[in-house]
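Here's the structure, in structure tokens; my notes come after.
The values are calculated or read from the model by the stated rules, or taken from the named source; none is laboratory data. Here the structure is a predicted model, which is why all the values come from computation and not from measurement. In this analysis, Cβ positions are derived from the backbone assuming ideal geometry, glycine residues included, and neighbour counts consider all displayed protein chains.
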Amino acid sequence: MTTPDPAPMNITARRPSLWRNLSLVWLVPLAALAVSLGVAWKAYSERGVLITISFENASGIAANETTVRYRDVVIGRVEKVGFADDLSKVSVQARIDKEIAPYLDADATFWVVRPEVSARGISGLSTVLSGVYIEGSWDQAPGLSQTAFEGADRPPLAQPGRGGRRITLRTDDGRMISEGAPVLFRGIEVGRLETPRLTVSGDSIVVDAFIDAPHDRRINSATRFWDSSGFSVSIGPSGLSLDVDSIASLVAGGIEFDSVFDGGQTVGPGTVFDIHTDEAAARRTAFARTLSGGVAVAVAFDESVAGLASGAEVQLRGVKVGEVSSLNAAIQSGSDEAEVRLIAKLLLEPGLMGLPRGAGEAEALDFLEQAVAGGLRARLASAGLFSSELLVELVTLEDAAPAAFNREAEPFPELPSAPSDLPDFTATAEGALERISELPVEELMAQAIATLASIENLAAADSTRQAPAAAVALLEDTRALLADPGTRALPGELQAAVSDVRALLADLQQGRAAANLAAALEQGSQAAASLAAASDELPALVADFRALAAKANSLEAEELIRSASQLIDSADAVIGTEGARALPPALTAALEEMQATLEDMRQGGLVENANATMASARGAADAVAAAAEGLPALSARLERLVAQSEALIASYGGRSSFNSETLDALREIKTAARAVSQLARKIERDPNSLLFGR
Amino acid sequence: MENPENPQRFLTAAAAGLAGCRVCGTANPGAARACTCCGSPLEPAAPASLQRVWAWLAAGLVAYVPANVYPMLRTTTFGRSSENTLIGGIAELFSHGSYGVALIVFFASIVIPVAKFLAIAYLAVSVRRPAALGSHGRLVLYEVVEFIGRWSMIDVFVVAILTALVQLDFAAAIAPGMAAVSFALSVAFTMLAAQSFDPRLIWNAESENLNDHA
């Protein structure tokens, strides 16, 4: 190895210029710096707008975790949870995406979405695990943006930008309404109630409701609201009726509305509607309200108006044309003495009376004047067969006492009244039923049994054995009489009559009583005819009795003759009355007489004719028993009738609203159950869906 | 080892007219452009190569900033998502009482990278100026930096593994944040910086100094 020479350039070399010797590697940190700065600038420039939302409390809100959403899309995140200056509120600072910020104007609202379980369902389930979030809502137009907002506790009923109309409802009873209760139109939910609040005076409760578009167009001056919560049971001529609305409205309360008459005018904002207690009450107000354009007339009634109430209908040939507005007594000072008269104020709707639309009071009064001249009178009528309510009927009577329509009467024009024919069908039908039930069938039976016992005693007596052949004939005749088909047919006729009556009752119970009035009357007369026919069978019976009496007469028994003639009288009375009522007592009397006669005969020394008498008597007893067999059948028929009535009432439900309501309720419960089971199945299948809320 | 008080005169390869191959260690003649043994290009231990060290170090430092500012992990548990930066995560671990884990993470993510920056910077500076640490000490330091460099990626590995494993849909999900990429880049740049440093410069400088003193 030689000694190495130091390389001269190593010693002398000067460092070249920094720039010339610059390595390309420097591009790497420059690029890194550029990228970092770029990212930082981007992050800064895209940083959202910080807004402050104040809440009552910050339950569940956590900084850097809680998101702010709009239509369930995350648009921001809470950055800080703090207090307002005076600790009165919690102020939540959230950073909202830049694109969204311009929309956050005065109408923007924020609320915290939490899981909520209420009568109307479960909401916000997805927040159970993920924590609450803040939901915002605003309209679709950018406005003057703000950065400070008041947070609401609950979602607003009407979210900004949602079509619809806000109305105010008023009620006296706040129990039936609750916040968020549905507003229904024909059973369809079209809106929601907001928080009810007391008026300043505290005498009523007002609640705002928001009706979604397009249903808000249905709100006009003809709209009436009523409470549809709860259920009602009523028994009327149309049967048992159970009204149950949806389960939700049963629990949370609900308000239903409808237009109760045509031609309502659009109402301006700020209109306050009353909530009526039920649909009927709401519909009734249609008259009171519209009759600002209606015609008020007064009618003075001389008779009792018990059963006539304010709100009762005024009918013209069965069509409602108005209603009774008020009832009061007025003292009318006549020429010599003061007279108290009952004045009913009627409100008549010209439109309903057939007058052209837009007809005013003058036209209506002209019409009434003309009609009264033609015999139109107001009179009281029964509202229904089973109802004690009255209504006012406008009828044209041919033989009406002359009267005039007093247009100048104060305070209202006075319509002449006519006496009502109120002792009506109801009373008649009730009377008929009463009479039927009063028929002493039991007594008749007892009497017949007693008679048979007497006959048997007579037959057993020694003296009877001594009875002459005439007695045998008498008994044979008796037997023949009792075996007579006519006698036997009597119970059958009675049954027919009863079944007719039953058919009548069935028809009456079918409802439509008023409409079936004529048919019912016809049935009644048929029943009466049947009864008469049954009675018609009596002459034969009586004739037989008469023959029996004649036979007995030949026995030289004075008592017998007398009692037989009494029997004839009684039987005649039966025929004479034509009423079934008289029949049994007469028969009873006749049998009593016969018993007395036979008793007498037993005591008087009669010729013995033991075997024949016994046979005859037994035959007679059998015949009477056979005849009497019909009577238990009759009572059985009656019992069956009762049972059938019960069954009828029971089966009644088949068509009645009671049943359909019950079925509806059941169906609804079933639907609810199905929904729950579907929910359960869905959760089972896909638990994530519950958690994600999807 | 060396004794600074009694510095031993020694001959560097450059002084001997040789060039050591950095790949296979063969001592080649100084004029050779390529290694006679493995064929890799030979570069003289030029102080200019320090530029690359500084450049990579700067890149590593630049990348280290977002690695600390941006979130490392985005953890979503039952719909709640939380993001943690390096420091934030360490503070959270510490506040939860996991002192050991917090310490490990602190060392792996903060202490070691920072120490590496400092060490490389110190090495680079010490080539030009007299250093407190002797040449041998600096060589050891360099070797330690090189050795530890590959382990600095442990954070990135953890993030990668977690991200791959914890994808339990809704129950828990972990996504890497921007810091993970930055951190990986930072580590890579630092490693490149360490790689760019030519330890021969230590000895060259030493001999120059000694020569100057002599």
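For the stretch B:72-91, name all the residues that are away from every other protein chain (no Cβ under 12 Å) and touching a Gly at 6+ places or on another chain (Cβ under 9 Å).
First, the residues of the stretch B:72-91 that are away from every other protein chain (no Cβ under 12 Å): B:72-73, B:86-87, B:89-91.
Listed by number, the residues that qualify are B:M72, B:L73.
If the condition is being surrounded by fewer than 20 Cβ atoms within 10 Å (Cβ to Cβ), away from chain B (no Cβ under 14 Å) and either assigned to a strand (DSSP E or B) or free of Cβ contacts under 8 Å to residues at least 40 places away in the same chain (or both), then the stretch A:108-123 contributes A:T109, A:W111, A:E116, A:V117, A:S118, A:G121, A:I122, A:S123.
The set of residues from the stretch B:92-121 being exposed (fewer than 15 other Cβ atoms within 10 Å of the Cβ) and within 14 Å of chain A (Cβ to nearest Cβ) comprises just one member, B:E92.
Matching residues to (1) touching an Asp or Glu at 6+ places or on another chain (Cβ under 6 Å); (2) surrounded by 15 or more Cβ atoms within 10 Å (Cβ to Cβ); (3) modelled with pLDDT under 75; (4) part of a helix (DSSP H, G or I):
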| position | (1), (2), (3), (4) |
| --- | --- |
| A:R357 | no, no, yes, no |
| A:A362 | no, no, no, yes |
| A:Q370 | no, no, no, yes |
| A:V392 | no, yes, no, no |
| A:V395 | no, yes, no, no |
| A:E408 | no, no, no, no |
| A:F412 | no, yes, no, no |
| A:A429 | no, yes, yes, yes |
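In the stretch A:124-164, the qualifying residues are those that are within 22 Å of A:I211 (Cβ to Cβ), of a type in the set (A, V, I, L, M, F, W, C) and in a loop (DSSP other than H, G, I, E, B), and the one that is modelled with the highest pLDDT is A:W138. You will find that of B:G39, B:G17, the residue that is modelled with pLDDT of 65 or more, farther than 27 Å from B:V125 by Cβ and facing chain A (nearest Cβ under 9 Å) is B:G17 and no other. B:F170 meets all of the listed conditions (1) closer than 21 Å to B:Y122 by Cα; (2) within 12 Å of chain A (Cβ to nearest Cβ); (3) of a type in the set (F, W, Y) but one, namely (1). Tallying residues that are within 14 Å of chain B (Cβ to nearest Cβ), polar (S, T, N, Q) and out of contact with any helix residue (DSSP H, G or I) (no Cβ under 8 Å at 6 or more places or on another chain) within the stretch A:124-148 yields 1. B:W54 falls short on exactly one of the conditions (1) within 12 Å of another protein chain (Cβ to nearest Cβ); (2) under 28 Å from B:A193 (Cα atoms); (3) touching a strand residue (DSSP E or B) at 6+ places or on another chain (Cβ under 7 Å), and that condition is (3).
The residues in the stretch A:52-75 that are surrounded by 16 or more Cβ atoms within 10 Å (Cβ to Cβ), among the small types (G, A, S) and within 14 Å of chain B (Cβ to nearest Cβ) can be counted, and the count is 1.
Against the definition (assigned to a loop (DSSP other than H, G, I, E, B) and within 27 Å of A:E46 (Cα to Cα)), how does A:Q93 come out, yes or no?
Details: assigned to a loop (DSSP other than H, G, I, E, B): no; within 27 Å of A:E46 (Cα to Cα): yes.
It is false that A:Q93 is assigned to a loop (DSSP other than H, G, I, E, B) and within 27 Å of A:E46 (Cα to Cα).
No other residue among A:V25, A:V35, A:V49 is at the interface with another protein chain (Cβ under 7 Å from one of its Cβ atoms) and at pLDDT 65 or above apart from A:V25. If the condition is being outside any strand (DSSP E or B) and over 17 Å from B:D198 (Cα atoms), then the stretch B:15-32 contributes B:A16, B:G17, B:A31, B:A32. Screening B:P4 on (1) farther than 30 Å from A:A31 by Cβ; (2) modelled with pLDDT of 70 or more shows it passes everything except condition (2).
Of all residue pairs spaced 6 or more apart or on separate chains, those with beta-carbon atoms under 6 Å, a first member in the stretch B:112-126 that is under 10 Å from B:W54 (Cα atoms) and a second member that is of a type in the set (G, A, S) are B:I120/B:A193; B:I120/B:A194.
Considering each of A:T171, A:T195, A:T147 in turn, give the residue that is within 15 Å of A:I255 (Cβ to Cβ), surrounded by fewer than 19 Cβ atoms within 10 Å (Cβ to Cβ) and touching a residue at least 12 places away in the same chain (Cβ under 8 Å). Don't jump to the end; show me each part of the working.
On the way: A:T171 fails: surrounded by fewer than 19 Cβ atoms within 10 Å (Cβ to Cβ); A:T147 fails: within 15 Å of A:I255 (Cβ to Cβ).
Only one candidate passes the filter, namely A:T195.
Across the stretch A:296-322, which residue is surrounded by the fewest Cβ atoms within 10 Å (Cβ to Cβ) among those that are under 13 Å from A:A378 (Cβ atoms) and in contact with a helix residue (DSSP H, G or I) (Cβ under 9 Å, 6 or more places away or on another chain)? Selected residue: A:L316. A count restricted to the stretch A:198-234 and to residues that are in contact (Cβ under 8 Å) with a residue 40 or more places away in the chain and at positive phi stands at 1.
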